[in-house]
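Below: the structure, in structure tokens.
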Amino acid sequence: MGGGLGGLFTGALLAKEGYQVTVIEKNRVIGGGLQTFSRHGVNFETGMHLLGGIRKDGAIYKICEYLGIMKDLKIHDVDADCMDEITYISDGKTYHIPEGKENFIRYFQSEFPEEKQGIRDYVEELYHIVDEIDFFYLRTENEHIYSHDEKFYWPADKIVEYYFKNPKLRDAISYMNPMFGGSAGHTPGYISALINVLYINGPSRFVSNSQQMAEALARVIEEGGGKIVSGDPVVKIDIEGRQMKSVTTESGRQFSGENYICAIHPKQLLRLTDAKAFSKAYRNRINEAPNSFSSFCVFCIFKPESFPYINHTCYLQMDYGKVWHYGEYDAKDWPRGFMYMTPCEDHQGPYARKMIINSPMPYSVCSKWADSRTGHRSEEYEEWKQEHLDRILDRMEMIYPAFRDKCEYVFASSPLTIRDYYNEPEGALYGLFKDCEHIAESQVPVFTKVRNLFMAGQNCNVHGFCGVPLTAINTVEAIVGINRVTNKINEAYERSK
């Protein structure tokens, strides 16, 4: 259930194990965050803009090689000498951050020489934390119980404060926050460490569109005798005792199998059944659990040869001290910051054809229109959306004068759009809010109380382009046996060298 990144990777890995897989997706187009849509003849990615772990020797590269799809993917690496650019309006400072652990360290040391030792210690700490996570490196898991570094579950912002005194450095080095929905005092240090290490090691982009990965994974499933059912959402699941029997779709079709995997938000799963297998306490925990923040997105199509192609990701921050508070909203100063990028096209030249701008926004800002659906919203909502779109364009003109004049078309989406297309409660970008104070309550295990029902996707373990496929391995190994798939992936990669 769910044909997004988690469902497709889980299905493809099971197909490689000889299982006959059926993926049922509510949308007509599969892919979830991999979906691409077209406006005025231009393709836009909906979610997967930055890719970590897909360079050679990376975990996702190895998985894709094992599945036989790496050759079908068009991937482009960003500039090594500047993988990310951050501009602060308050002091006019722009940071150009290179990829690679040592380059990253040296760059920040050159900008903040008085914090030289703290910078090295901080980055080493990030790598140390990540080294404790076996599945990140596709290492076979140890079965004995072990403990983590003290800072593993510290709030991520507390780790930053531990190593640095300079408030500007604290903010600048935390610039990746929008990629994991960080919140002061709550986001676990290991979540921040995973994302930072992924991108310090070198990010990449899809060329043309991200839908290519969804289609490649679907081919693996279909070549294994499976099928993809899209545009027909599951509306009911049948559970007897602690055994799942079947699922029924909106069109009335019924599907049954040996095992069932839920790759949708657990809250959506609970809406499909009243079975006693899920206790009242569990239902209450899931239904009351907070979600991560959402995003307001602006999409620009440029006039020919009017705006340069930028082969790295850019961040605009209005001031220092705001980066850990994106989940908050103040009408007076929104947006406090955002990420923008010019996606790579086939035969990319010196000029960009399009731009995507993502600004964090809590769902509550637009919850007054919660009962509406995409394409059927009120005039009041459209005016609200236009006002917020204009605010972002105003910010862009602070660093690119006459930015509006370079745009042929501009349109936007809100947290409501994300909610409707991804079937994510409150348009949550990263699913359940990960909270180090309530870590067991902010994610779900791959096993459920129903013996043949398993969970997959961003609400288990870690979200994102790297975390979700790795979690797919956990889900598959819950069915086929611990370390079985991990060993096969590593053995296949060693043979290919």
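The values are calculated or read from the model by the stated rules, or taken from the named source; none is laboratory data. Because the structure is predicted, anything quoted here is derived from the model rather than measured. Note that each Cβ is placed from the backbone with ideal geometry, even for glycine, and that neighbours are counted across all protein chains shown. Note: areas computed on protein heavy atoms with side chains; ligands, DNA, RNA excluded. Shrake-Rupley method; radii C 1.70, N 1.55, O 1.52, S 1.80 Å.
Restricting 231, 118, 226 to those that are modelled with pLDDT of 95 or more and at positive phi reduces the list to 231. Take the residues of the stretch 227-258 that are out of contact with any strand residue (DSSP E or B) (no Cβ under 7 Å at 6 or more places or on another chain) and of a type in the set (S, T, N, Q): which is nearest to residue 445 (Cα to Cα)? The qualifying residue nearest to residue 445 (Cα to Cα) is 243. Within the stretch 167-196, being among the polar types (S, T, N, Q) and either without any contact (Cβ under 8 Å) to a residue 24 or more places away in the chain or surrounded by fewer than 22 Cβ atoms within 10 Å (Cβ to Cβ) (or both) holds for one residue alone: 174. What's the total number of residues in the stretch 67-114 that are touching an Asp or Glu at 6+ places or on another chain (Cβ under 6 Å) and either more than 14 Å from residue 175 (Cα to Cα) or among the basic types (Lys, Arg) (or both)? Qualifying residue count for the region: 2. When residue 448 is tested against (1) of a type in the set (Val, Ile, Thr); (2) buried (at least 19 other Cβ atoms within 10 Å of the Cβ); (3) under 22 Å from residue 137 (Cα atoms), just one condition goes unmet, and that condition is (3).
Is there a residue in the stretch 340-349 that is modelled with pLDDT of 95 or more, buried (at least 17 other Cβ atoms within 10 Å of the Cβ) and more than 30 Å from residue 73 (Cβ to Cβ)? No, every residue in the stretch 340-349 fails to be modelled with pLDDT of 95 or more, buried (at least 17 other Cβ atoms within 10 Å of the Cβ) and more than 30 Å from residue 73 (Cβ to Cβ). Of all residues in the stretch 49-67, which are open to solvent by less than 30 Å² (accessible area, probe 1.4 Å) and either part of a loop (DSSP other than H, G, I, E, B) or among the aliphatic types (A, V, I, L, M) (or both)? Passing the criteria: 49, 50, 51, 52, 53, 54, 58, 59, 60, 63, 67.
The numbered conditions (1) in a helix (DSSP H, G or I); (2) touching a strand residue (DSSP E or B) at 6+ places or on another chain (Cβ under 8 Å); (3) open to solvent by 20 Å² or more (accessible area, probe 1.4 Å) are all true for residue 215 except (2).
Condition (residue is β-branched (Val, Ile, Thr) and in a loop (DSSP other than H, G, I, E, B)) applied to the stretch 454-476: is it met by at least one residue? Yes, that holds for at least one residue. Here the stretch 429-444 is the region considered, the condition is being touching a residue at least 60 places away in the same chain (Cβ under 8 Å) and in a loop (DSSP other than H, G, I, E, B), and the residue that is nearest to residue 358 (Cα to Cα) is 429.
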